[in-house]
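Visitor: First the structure, which I've put down as structure tokens, then a few questions once you've had a look.
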Amino acid sequence: MADVLRYDKDCIFCKIIKGEIPSTKVYEDENCYAFRDINPQAPVHILVVPKTHIASCADIDAENAHIAGEIFTAIAFIARQEGLDGGYRVITNCGEDAGQTVHHLHFHILAGVKMGERLL
Ligand code: DGP
């Protein structure tokens, strides 16, 4: 069942989800929305977000944890849809030290380039 969606009126990703700011949609279901990053860091760079406003993965709790599973189910679907057979990296930045700039939980799917084993 779909959650009752909560939006933050000042959140850029909430505005994208509501269609108030345009985006290149890749995937959508009841609880998740995915679109191409405006500043791609790899040939394929997609953001997957919950439709309801959650600031970061630090705000995942027992009540909303199902969203994490739904997002990863969407990520696997999107990877098949995009033909990411060579693999892909999934990143979520949480907080200032991690470089989070948009405070609406989002997962980056990066692909289309050989990334190597180092994360930083
Ligand atoms: P992070 O640093 O993890 O908070 O990443 C935020 C990402 O969001 C960054 O890669 C750029 C992307 N982004 C910011 N504003 C917009 C926008 O208006 N449209 C799209 N498509 N992406 C955006």
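Laboratory data are not the source of any read-out in this text; all were calculated from the coordinates shown. As the structure is a prediction and not an experimental result, all values here were calculated from the model. FYI the Cβ positions are ideal-geometry reconstructions off the backbone, even for glycines, and counts take in every protein chain you see.
Visitor: So for the chain, averaging the separation of alpha carbon pairs under 8 Å that are six or more residues apart and normalising by length, what relative contact order in percent results?
Guide: That works out to 29 percent.
Visitor: In a solvent-free Debye calculation with one equal scatterer on each Cα, what is log10 I(q)/I(0) for segment 6-120 at q = 0.11, 0.20, 0.22 Å⁻¹, listed in the order of the q values?
Guide: -0.34, -1.16, -1.39
Visitor: Specify the longest stretch of the chain that does not include any exposed loop site, a site being one of the trypsin sites (Lys or Arg not before Pro) with a non-H, G, I, E, B DSSP assignment and at most 14 other Cβ atoms within 10 Å.
Guide: 19-113
Visitor: Name the residues whose placed amide hydrogens come within less than 5 Å of the amide hydrogen of TYR7, ignoring near sequence neighbours (fewer than 5 apart) on the same chain.
Guide: Those qualifying (amide H under 5 Å, at least 5 residues apart or on another chain) are HIS53.
Visitor: Test of understanding: what is the full-extension gain from ILE38 to ARG89, defined as 0.36 nm times their sequence separation minus their Cα-Cα distance?
Guide: Stretched fully, the ILE38-ARG89 segment lengthens by 16.6 nm.
Visitor: Quote the FRET efficiency, to the nearest 0.05, computed for GLU117 versus ILE21 with a Förster distance R0 of 41 Å and r equal to the Cβ-Cβ distance.
Guide: That gives a FRET efficiency of 0.70.
Visitor: Karplus couplings for segment 36-46 from phi (6.51 cos²θ - 1.76 cosθ + 1.60, θ = phi - 60°), rounded to Hz, Gly and Pro as x?
Guide: 6, 5, 5, 10, x, 9, 7, x, 10, 9, 10
Visitor: Report, in deg cm²/dmol and to the nearest 500, the calculated mean residue ellipticity at 222 nm for the chain, where each DSSP H run with n ≥ 4 adds -39500 (n - 2.57) and the sum is divided by the residue count.
Guide: Result for the chain: -5500 deg cm²/dmol, rounded to the nearest 500.
Visitor: For helix 66-81, what angle does its Cα long axis make with the longest principal axis of the chain, in degrees from 0 to 90 and rounded to 10?
Guide: The answer is roughly 40 degrees.
Visitor: On to the next question. May I ask what percent, to the nearest 5, of DSSP beta bridges between residues of the chain are antiparallel?
Guide: 100 percent
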